[in-house]
Amino acid sequence: MKQRLAFLLVIIWMLFIFVWSHQTGPESSETSGKIIRFLSALGIGITSRTELILHHFIRKVAHFFEYFILSLLLFNYLRELMEGKGLYLWPISISFLYACSDEIHQIYVPGRVGSWKDVVIDTAGASAAMLLVFAYRSLRNHRKPNHKVMDSTKSESL
């Protein structure tokens, strides 16, 4: 049951990415614009130049975190099925392939274009997630107490 739920979460997230990617150019820009308007409402001074930079930044950060989360969900699903280095490489590889298909999909959406730069950002997000998981698991495994018992038959010499 747990395995099915993990797989279902992967599929739901992939559908989420697909739906967001299927937004037309103006719809996608409007989503970024809402975030900029929210920041402006908080009292953050946003000039027209800053708005252009923020718009681009928000879109790229969204790419990064969409695939960061996808990689985590894939890891959660795959950890019950495999061990070793593949456990970290498969989520990155699957995320990369999905990012490629996503950019191809965007070529056919009005007002959108496919970008290899976005594939790189997506893959970086997936890789960052696996790097953090690897670091966390390594630290957790090394923090387990490692008590050395001194052999009483050996005497210490000064």
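The values are calculated or read from the model by the stated rules, or taken from the named source; none is laboratory data. Just so it is clear, the model here is predicted, and its values are computed rather than measured. For neighbour counting, all protein chains shown are included, and Cβ atoms are generated from backbone atoms with ideal geometry for every residue, glycine included.
Does residue 25 count as over 20 Å from residue 128 (Cβ atoms) and free of Cβ contacts under 8 Å to residues at least 24 places away in the same chain? The answer is no for residue 25. A single entry from 133, 120, 109, 113 fulfils the requirement of being at pLDDT 95 or above, more than 28 Å from residue 1 (Cα to Cα), β-branched (Val, Ile, Thr) and out of contact with any Pro (no Cβ under 8 Å at 6 or more places or on another chain): 120. Kindly check whether there is at least one residue in the stretch 82-94 that is within 25 Å of residue 134 (Cα to Cα), without any contact (Cβ under 8 Å) to a residue 12 or more places away in the chain, in contact with a Phe, Trp or Tyr (Cβ under 8 Å, 6 or more places away or on another chain) and not charged (D, E, K, R). So far as the stretch 82-94 goes, yes, one or more of its residues are within 25 Å of residue 134 (Cα to Cα), without any contact (Cβ under 8 Å) to a residue 12 or more places away in the chain, in contact with a Phe, Trp or Tyr (Cβ under 8 Å, 6 or more places away or on another chain) and not charged (D, E, K, R). When the stretch 52-87 is limited to residues that are under 26 Å from residue 119 (Cβ atoms) and of a type in the set (D, E, K, R), the one that is modelled with the lowest pLDDT turns out to be 85. Between 12, 53, 46, 69, the distinction of being assigned to a helix (DSSP H, G or I), of a type in the set (Val, Ile, Thr) and either in contact with a helix residue (DSSP H, G or I) (Cβ under 8 Å, 6 or more places away or on another chain) or surrounded by 18 or more Cβ atoms within 10 Å (Cβ to Cβ) (or both) belongs to 69 only.
For residues that are surrounded by fewer than 17 Cβ atoms within 10 Å (Cβ to Cβ) and under 16 Å from the mean Cα position of the chain (by Cα), scanning just the stretch 72-108, find the one that is farthest from residue 32 (Cα to Cα).
My answer is 89.
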